[in-house]
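Each value in this text was obtained by applying a stated rule to the coordinates, not by laboratory testing. Computed from a predicted structure; not experimentally measured. Virtual Cβ from ideal backbone geometry, glycine too; neighbours counted across all protein chains shown.
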Amino acid sequence: MKIRIKGNSIRIRLTKTEVENFSKEGFIEEKTEFGNNDFSYRIESSTTHKELTAAYIENRIVIYIPMAIAENWISTDQVGFENKMDIGNDKHLFLLIEKDFVCLDNTFEDQTDNYPNPNAVC
């Protein structure tokens, strides 16, 4: 699971195996260690949230995905989904969750578990 944060924007990409694990467990989490501290991020399905929302709890970003949206995303070719979450004071947090595609250019990272890139076929 990869995270990209820029300003008030969070994008998370998942490989095929991560989507499968999310489907089975109802959540998936990743962490980065900083000596004695950890930074983690997690997505989890939710029956109480009506739209994609996020919270920051104990050095962890948690993104809640409504169950109906999660089920549709897992079981179809839908690439991803997004929400512009109101955080007050006329500000928003943009959230995007998507399946990770194989890059079309050269990269050093292992992409064997990524989804086939639809732009690779003419």
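How big is the dipole moment of segment 2-103 about its Cα centre under a simple scheme where the beta carbon of each Lys and Arg is +1, that of each Asp and Glu is -1, and everything else is neutral? Debye, nearest 20, please.
Working: 14 positive and 17 negative charges, 56 e Å.
That gives a dipole near 260 debye.
Lys/Arg Cβ at +1, Asp/Glu Cβ at -1, dipole of segment 2-103 taken about the Cα centre: which of PHE39, ILE74, ASN89 is farthest positive-ward?
The one lying farthest along the dipole's positive direction is ASN89.
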